[in-house]
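Before any comments, here is the structure.
None of the figures in this text is laboratory data; all of them are computed from the coordinates on show. Owing to the predicted nature of the structure, the values given are computational and were not obtained by experimental measurement. No Cβ is skipped: glycine too gets one built from the backbone with ideal geometry, and neighbour counts run over all protein chains shown.
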Amino acid sequence: MTQAVAPARGRALAGLLIVGLGTTIVPLDTSVNIAFPDITTSFAIPIADIQWVVIFYVLTYTSLLLAFGKLGDLFGHKRIFMTGLMISTCAFAFCAMAPAYHWLLLARFLQGIGASLVLSCGPALATALLPEAQRARALGAYTMMFGVAAAAGPSLGGMMVQAWGWEAVFWFRVPISLAALAALPWLRPDQARKRSGGFDLLGALLLAVSLGALLLALNQLQVEAGRALIIAVLGLAAATAFVWREMRAKDPIIPFAPFRRLDFSVLNIFNALVMFVGFAPLLLVPYYLVRLTEYSLAVSGFILASSPLGQAVAGPIVGWLLSVRPWAPRLALLGAVLVGLATITIGTWGPASGIWRMVLPMFLQGIGLGLFQVCILDVVTGRLDVRDRGVAGSLAQVSRTIGVVLGATGLSLIFASLSQGADFLSAFQSTFTYAGVGLLLCLAVTLLRPRLWFGAT
């Protein structure tokens with residue numbers, strides 16, 4: 001019996017490594033940010049236009065995640081994952097070879113499609129490699145690999161841009177995609193119970209339009225409020241039509257039954273809120289390091305990487321804890337509190353703050369984010385039918401990305417407002433304080449109904 005278990009565990013570990021390898025091409029996109037100055041110079045574009053390199057990519061993969069998750073449930077997660085890797089490989093090459101800026105944006109759109117296919121079925125593949133009782137451990141390992149790649153991205157990107165130019169931040173992911181593609185045929189996930197039925201194409205289109213329009217409206221809020229309002233109205237209309245259709249559809253994209261439970265809905269809302277606050281260091285700490293410190297690029301990269309490293313450390317630990325005790329909502333609450341407290345602590349930084357005073361709260365915030373991410377994945381995959389694993393994993397990714405986009409817009413507006421009549425440091429400190437205190441106050445309101453976090457899981 002022991003000899004039989006050991007090979008099974010070895011195969012599961014190898015399978016998780018394959019899924020993790022393929023998934024890393026998405027969080028490694030953090031390497032692109034460091035290439036922005038080189039891209040603007042290469043294509044002779046205004047600095048403001050570089051935002052579209054992010055917008056084309058993020059809006060594409062976010063708006064398509066749930067639809068691709070549904071396709072994975074219907075036709076096989078492995079098949080969708082492999083398709084995503086193939087499209088991503090082509091997209092990386094197209095990005096690197098783009099002869100003009102508009103071709104780069106088109107390639108980023110294609111990259112968004114590939115990323116959406118990969119992310120939509122990555123968690124489902126990971127959980128299929130282990131028995132259901134060990135689902136949380138698989139999700140913890142998946143989160144760890146995601147965090148390691150996100151932490152490595154900026155450092156790798158900086159070295160490659162310096163050595164070979166901005167094209168390298170795309171080229172270096174081509175062999176990673178190809179290696180994962182070569183190993184995937186060996187993967188044998190247990191997905192015997194596939195979802196039967198059809199695919200609601202109109203519902204998927206309405207969902208994509210609604211998510212894409214609402215996220216674009218958030219982005220445009222900083223540029224032109226009138227345009228943002230028009231786009232938001234379009235998004236709300238599409239969202240209303242989507243909900244109306246899905247409530248009556250025989251095979252809906254998203255099963256709405258779990259959302260009738262208040263604790264499930266609250267946890268998904270807080271997934272966005274936690275990521276809203278958690279995005280603050282990525283947005284503002286780089287400027288703090290440039291303006292108020294004299295650290296080298298390597299040291300600054302280490303400080304910025306400490307948060308995703310915290311996520312990587314937290315992933316397997318919380319996965320093990322959840323496999324022993326089903327405390328996902330409680331641990332999610334702990335993670336959210338850690339994010340709030342760490343964010344407030346970052347708001348106390350001053351010119352005399354040493355490196356460890358910076359690294360420790362960033363790392364603590366990463367621990368909190370890792371706790372929350374594994375817990376939300378565990379809850380949604382546990383509450384939805386096992387045949388809806390693709391949709392479940394995609395749902396957690398969508399609410400996470402909405403929080404990131406909200407953070408990019410909302411925190412920028414808060415910081416810009418506080419910067420009027422104040423110096424950079426004061427605005428920086430106040431933004432982090434308001435963000436952290438705001439999250440803790442929202443959590444305090446939910447504690448008026450303790451069963452949301454401490455009831456049955």
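Exposure proxy ranking for Cys95, Cys442, based on other Cβ atoms within 10 angstrom of each Cβ and starting from the fewest, stands as Cys442, Cys95.
Using the average count of surrounding beta-carbon atoms within 10 Å as a protection proxy, the listed peptides 384-393, 31-40, 155-164, 277-286 rank, highest first, as 384-393, 277-286, 31-40, 155-164. Using Cβ point charges alone (K and R +1, D and E -1), the dipole size of region 224-287 about the Cα centre works out to roughly 240 debye.
The candidate values are [x] 49; [y] 8; [z] 37; the one derived from this structure for percent of Cα pairs over 44 Å apart carries the label [y]. Ellipticity at 222 nm from helices only: DSSP H runs of n ≥ 4 in the chain, each -39500 (n - 2.57), divided by the residue count, give -26500 deg cm²/dmol. Here's how it looks for Ile34: its modeled amide H is under 5 Å from none belonging to a residue 5 or more places away or on a different chain. Of Glu294, Glu246, the sequence from fewest to most neighbouring Cβ atoms within 10 angstrom is Glu294, Glu246. Taking the average, over residues, of other Cβ atoms within 10 Å as the packing measure, peptides 254-260, 167-173 rank 167-173, 254-260 from highest down. Span-like helix check, the chain: qualifying full DSSP H segments, with Cα axial length of 30 Å or more and mean Kyte-Doolittle of 1.0 or more, are 51-75, 101-128, 225-246, 297-324, 355-383, 389-419, 424-446. Packing here is the average count of other Cβ atoms within 10 Å per residue, and on that basis the peptides 303-315, 369-381, highest first, run 369-381, 303-315. When the Cα positions of Ala124, Leu65, Ala422 are compared along the charge dipole of the chain, Ala124 comes out farthest toward the positive end, with charges on each C-beta of Lys, Arg, Asp and Glu.
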